[in-house]
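Undergrad: First the structure, which I've put down as structure tokens, then a few questions once you've had a look.
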Amino acid sequence: MKFKRIFLIILDSLGVGEAIDAINYKDNGANTLGHIIENNDLFIPNLKKIGFLDTLTLTEDKDVEAYYTIAKPTNVGKDSLNGHYEMVGLKNDEAFESFNEGFSFDILSEIEKITGRKVIGNKCCQDTSIIEELGDRQVNYGSLIVYTSADSDLQVAAHEDCVPIATLYSYCEKIREVTLNKGYKIARIIARPFTGTLGKYKLLNAARRDYAVKPPKRTILNHLVDKDYNVIGIGKVNDVFDGEGINKMIKACDNNEAINKLSDIIDKEFIGLCMVNLNDFDAYGHKRDIEGYAGSIEELDIDLKIILNKLELDDLLIITADHGNDPSFPGNGHTRENVPVIIYSRNFKTPHRLPPFETFADIGATIADNFDVDAPEIGKSFLDELE
């Protein structure tokens, strides 16, 4: 069975239990979805129907409306880039670094040198509190607020009236260049302009700009574009791949906007792949906000009914994740976990549990198989299993 369109929804950080090598990352015992359920009585009837909860135990569900299983991570690291890389069939043995304790003096000195501005902040922050804390100081002294979200990122914030947005972008481009040249393993440099006054500072999310590294090799996304298929990226997908293999980019500030944009795309005529990243889950994970994470899952359940009803008979929907971020776990970083894989089509006759996938790359291999493009270097297609 082959499909005209494939929609790949990535529930950023929604892992379903520790990976076999979790102990190497000090993540043994992590289970993002499992621990959220332990603390909340989730009402998610639509997700339940497609086997979402069954991915926690892999028990056989005779009433399920989708194929379901888990995928195991094989790429090193537990950051978003490596998770997405593996998903599209790219083997990568180099992990990116996180900077929960702040950035080194060398990195900060380079930033001050290339921008001519002092750096303030230099800490991990999961919300807008650092803008509220240091906004006045940034405006008064023209400095740059540098911080990280506990992912592999370096974020640079400045008020738009003090540092014009175009100037902030140019600073981040230079920081990206120097970090690559100096060998710092930072996945993304992120420009975060803000506006407002004391007590009312607000990040301009629509003006956010990410500067990622290029994937080290070509992926199935490139192969799809080479064959004139559409490859649509919604949310941070384009940023993760630095535009490589994406021929239509659609920005989204949060899960709700991303789902709305996805709904619009389903109504369009195209042939190819649409990838959507739902990043709010990861934000709640970093903040260790179990209740917020649970609420976001329930919101997805409501939206899912609309998405499923819009799909055509020759559409395929795959729902998965890129890593874990257990909000009940110590610290505020990602967790090394297996991820759920849900495979849905209105045309399926006998959906059921599938054996666990040995790598996220089975997803990429299946997409390549469906569109008859070059297979990725890792991964095994499950297309023939779908009936």
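Undergrad: With the range 128-246 as the region, which helices (runs of 4 or more DSSP H) entirely inside it contain at least 3 residues that are not assigned by TED's automatic domain parsing to the domain that holds Lys287? So that I can check it myself, show each step before the final result.
TA: Details: elements: 129-141, 165-181, 220-226, 237-240.
Here the list reads 129-141, 165-181.
Undergrad: Take the residues of the range 324-337 that are of a type outside the set (D, E, K, R) and not in a loop (DSSP other than H, G, I, E, B): which is surrounded by the most Cβ atoms within 10 Å (Cβ to Cβ)? Give the steps one after another, and end with the answer.
TA: Kept after step one, since they are of a type outside the set (D, E, K, R), are these residues of the range 324-337: 324-325, 327-335.
Filter again for not in a loop (DSSP other than H, G, I, E, B), leaving 324, 335.
Values: Gly324: 30, Thr335: 28.
Ranking the candidates gives Gly324 first.
Undergrad: Test Ala22 against the criterion of being crowded, with 21+ Cβ neighbours inside 10 Å, in contact with a Lys or Arg (Cβ under 6 Å, 6 or more places away or on another chain) and at pLDDT 95 or above, and give yes or no.
TA: Working: crowded, with 21+ Cβ neighbours inside 10 Å: yes; in contact with a Lys or Arg (Cβ under 6 Å, 6 or more places away or on another chain): yes; at pLDDT 95 or above: yes.
Taking the combined requirement at face value, the residue satisfies it.
Undergrad: On to the next question. Which one of these does Phe357 not meet: (1) over 17 Å from Glu18 (Cβ atoms); (2) over 17 Å from the mean Cα position of the chain (by Cα)?
TA: (1)
Undergrad: Pick from the range 226-271 the residues that are within 20 Å of Ala368 (Cα to Cα) and among the aliphatic types (A, V, I, L, M): which of them is modelled with the lowest pLDDT?
TA: The extreme case among them is Val240.
Undergrad: Can you name every residue in the range 338-387 that is part of a loop (DSSP other than H, G, I, E, B) and among the aromatic types (Phe, Trp, Tyr)? Steps first, please.
TA: Taking the range 338-387 first, the residues part of a loop (DSSP other than H, G, I, E, B) are 338, 345-352, 354-356, 358-360, 372-382, 386-387.
Matches in the range 338-387: Phe348, Phe360, Phe382.
Undergrad: Taking Asn332 and the conditions (1) among the polar types (S, T, N, Q); (2) modelled with pLDDT of 95 or more; (3) over 15 Å from the mean Cα position of the chain (by Cα), which numbered condition does it fall short on, given that it satisfies the others?
TA: (2)
Undergrad: Turning to a different aspect of this structure: So, Asp61, is that one of a type outside the set (Ser, Thr, Tyr), assigned to a loop (DSSP other than H, G, I, E, B), over 29 Å from Asn82 (Cβ atoms) and free of Cβ contacts under 8 Å to residues at least 60 places away in the same chain or not? Talk me through it step by step, then tell me what you get.
TA: Values: of a type outside the set (Ser, Thr, Tyr): yes; assigned to a loop (DSSP other than H, G, I, E, B): yes; over 29 Å from Asn82 (Cβ atoms): yes; free of Cβ contacts under 8 Å to residues at least 60 places away in the same chain: no.
No, not satisfied.
Undergrad: Would you be able to say whether some residue in the range 276-299 is assigned to a loop (DSSP other than H, G, I, E, B) and on the phi > 0 side of the Ramachandran plot?
TA: Taking the range 276-299 as the starting set, the residues that turn out to be assigned to a loop (DSSP other than H, G, I, E, B) are 279, 287-289.
The next check asks that each one be on the phi > 0 side of the Ramachandran plot; those that pass are 288.
Yes, the range 276-299 contains a residue that is assigned to a loop (DSSP other than H, G, I, E, B) and on the phi > 0 side of the Ramachandran plot.
Undergrad: Considering each of Asp303, Asp314 in turn, give the residue that is surrounded by fewer than 23 Cβ atoms within 10 Å (Cβ to Cβ), at pLDDT 95 or above, touching a helix residue (DSSP H, G or I) at 6+ places or on another chain (Cβ under 6 Å) and over 22 Å from Asn31 (Cβ atoms). Don't jump to the end; show me each part of the working.
TA: Values: Asp314 fails: touching a helix residue (DSSP H, G or I) at 6+ places or on another chain (Cβ under 6 Å).
Matching residue, one of Asp303, Asp314: Asp303.
Undergrad: Name, by its number, the condition in (1) closer than 23 Å to Arg188 by Cβ; (2) of a type in the set (A, V, I, L, M); (3) at pLDDT 95 or above that does not hold for Val213.
TA: (3)
Undergrad: Related question: With Tyr211, Tyr201, Tyr229 as the choices, which residue is closer than 16 Å to Phe96 by Cβ, touching a helix residue (DSSP H, G or I) at 6+ places or on another chain (Cβ under 8 Å) and of a type in the set (Phe, Trp, Tyr)? Even if it seems obvious, please write down each step before you answer.
TA: Values: Tyr201 fails: closer than 16 Å to Phe96 by Cβ; Tyr229 fails: closer than 16 Å to Phe96 by Cβ.
When all the criteria are applied, what remains is Tyr211.
Undergrad: Of the residues in the range 122-159, how many are under 20 Å from Ala212 (Cα atoms), among the small types (Gly, Ala, Ser) and out of contact with any strand residue (DSSP E or B) (no Cβ under 9 Å at 6 or more places or on another chain)?
TA: Matching residues across the range 122-159 total 0.
Undergrad: Suppose we filter the range 360-378 for residues that are under 20 Å from the mean Cα position of the chain (by Cα) and under 13 Å from Asn222 (Cα atoms); how many remain?
TA: Of the residues in the range 360-378, 2 are under 20 Å from the mean Cα position of the chain (by Cα) and under 13 Å from Asn222 (Cα atoms).
Undergrad: How many residues are in contact with a helix residue (DSSP H, G or I) (Cβ under 7 Å, 6 or more places away or on another chain) and modelled with pLDDT under 95 if we restrict to the range 41-69?
TA: Residues that pass the stated criteria total 1.
Undergrad: Another question, if that's okay. So if I check each of Leu90, Leu56, Leu81, Leu47, which one is within 19 Å of Ser345 (Cα to Cα) and not β-branched (Val, Ile, Thr)? Quick ask: steps written out before the conclusion?
TA: Numbers: Leu90 fails: within 19 Å of Ser345 (Cα to Cα); Leu56 fails: within 19 Å of Ser345 (Cα to Cα); Leu81 fails: within 19 Å of Ser345 (Cα to Cα).
Exactly one of Leu90, Leu56, Leu81, Leu47 is within 19 Å of Ser345 (Cα to Cα) and not β-branched (Val, Ile, Thr), namely Leu47.
The values are calculated or read from the model by the stated rules, or taken from the named source; none is laboratory data. Bear in mind that the values here come from a model prediction, so they are computed numbers and not experimental data. For neighbour counting, all protein chains shown are included, and Cβ atoms are generated from backbone atoms with ideal geometry for every residue, glycine included.
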